[in-house]
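Written below as structure tokens is the structure these notes are about.
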Amino acid sequence: ILPISMILLLLTMFSGSVNEASRWITVPIVGLSFQPSEMAKIALIMYIARVLSIKQKEGEPTREAFKPIMIAVGIVVALVFSEDFSTAVLIAGISMAMMFIGRVPVSYLLYTMGAGIVVITLIVLLSMQFPGVPIFHRVDTWISRVETFGEGEVANADKAFQANQAKIAIATGGIFGKGPGNSVQRDFLPHPYSDFIYAMIVEEGGIFFGLIVMLFYLILLYRAGVIVRKCRTTFPAFLVIGLMLAFTLQALAHMA
């Protein structure tokens, strides 16, 4: 599944786009669209769990797992980051967490994080020098979002339209919300049914229901811990940890 998802990610770079980013691929004849990055995420977690379980040695750090895992992670992240930086960071973070739990030496992980920061910095600097290069076309968006976050959405209303509309939805929802189907901001927010679904939930169900939804995700994370404790071998334990981290961290990041 992992090499197939890598090929699909490569194809996605030359396919159509949503919100000016090439992240989706459409199945011919059927017309169904999906994100290969989601397929790659699951495949990569399965691969990491397998490598970690094979390389485990009683009472020793899992050094031998680091190289094969980082090669796979590096390829997937490289194929994803130019179009979907947040997903690339999420994939890298989940991979690092799984390796930490799998007893890969912390020094290896710290060096990798340092190298990642250096690479991102170089990409930003190169994009400023060579703005016309296609692979750098999303860097301006990354910089704009960081500047907007630092300076505040009110001071950058033109750049922070979506964030401001989401905050209006949450603020006007109050404690118990406007009721199902009574959202007003869904008429202003792009993709209210996906990217901004949580803002719509809070507007219609209030902070009360928003906290309940968040609690459900935390319960799922806790249940994953219960399953891990019952696993008799390492592969299913690593697999459950990786899948649940991907599921809950992505949801909580979107909520934030």
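The values are calculated or read from the model by the stated rules, or taken from the named source; none is laboratory data. All values derive from a computational prediction rather than experimental measurement. Here Cβ is always computed from backbone atoms with ideal geometry, including for glycine, and neighbour counts include all displayed protein chains. Quick note on the areas: whole protein, heavy atoms, side chains included, nothing else; ligands and nucleic acids left out. Shrake-Rupley method; radii C 1.70, N 1.55, O 1.52, S 1.80 Å.
Numerical summary
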quantity	calculated
In Hz, Karplus ³J(HN,Hα) per residue of segment 111-127 (6.51, -1.76, 1.60; θ = phi - 60°; x = Gly, Pro)	4, 5, 4, x, 5, x, 4, 4, 4, 4, 4, 5, 4, 4, 5, 5, 5
Rounded if a/c under 1.5, otherwise prolate or oblate - segment 192-236, Cα gyration tensor axes	oblate
Surface share of carbon and sulfur [accessible, 1.4 angstrom probe, percent] for the chain	70
Cα centroid separation - segment 224-250 against segment 186-207, whole Å	30
Distance between modelled label sites at Tyr193 and Lys159, nm, 7 Å Cα→Cβ extension	3.2
Candidate lysines for bridging to Lys178, where Cα separation is under 18 Å - those fewer than 8 sequence places away on the same chain excluded	Lys167
Under Karplus coefficients 6.51, -1.76 and 1.60, residue-wise ³J(HN,Hα) of segment 54-68 in Hz, glycine/proline x	5, 8, 5, 10, 4, x, 10, x, 8, 5, 5, 7, 4, 5, x
Segment 13-136, relative contact order in percent, only Cα pairs under 8 angstrom and at least six apart counted	19
Unit charges on C-beta of K, R, D, E only; dipole of segment 150-237, Debye	720
Solvent exposure of the chain as accessible area per residue, Å², 1.4 Å probe	59
Exposure rule at most 10 other beta-carbon atoms within 10 Å, DSSP loop GluC sites (Glu not before Pro): the chain longest free segment	59-256
Listed residue (Leu10, Val240, Gly74) projecting farthest to the positive dipole end of the chain, Cβ model	Val240
Listed pairs Lys55/Lys230; Lys57/Lys230; Lys41/Lys159 exceeding 25 Å between Cα atoms	Lys41/Lys159
Cα gyration tensor category, rounded, prolate or oblate, for the chain with a/c compared to 1.5	oblate
Packing-based order for 90-98, 225-233, 178-186, using average beta carbon neighbours within 10 Å, highest first	90-98, 178-186, 225-233
Top positive-direction residue, dipole computed over the chain with Cβ charges, set Ala88, Tyr217, Tyr47	Tyr47
Nearest 10 degrees, 0 to 90: helix 139-151 Cα axis against the chain principal axis	60
In segment 176-242, chymotrypsin sites (Phe, Trp or Tyr not before Pro) in a DSSP loop with at most 13 other beta-carbon atoms within 10 Å	Phe176, Tyr193
Helix-derived mean residue ellipticity, 222 nm - over the chain, DSSP H n ≥ 4, -39500 (n - 2.57), to 500	-22500 deg cm²/dmol
Residues whose placed amide H lies under 5 Å from that of Gly177, excluding near-sequence neighbours	Gly206, Ile207
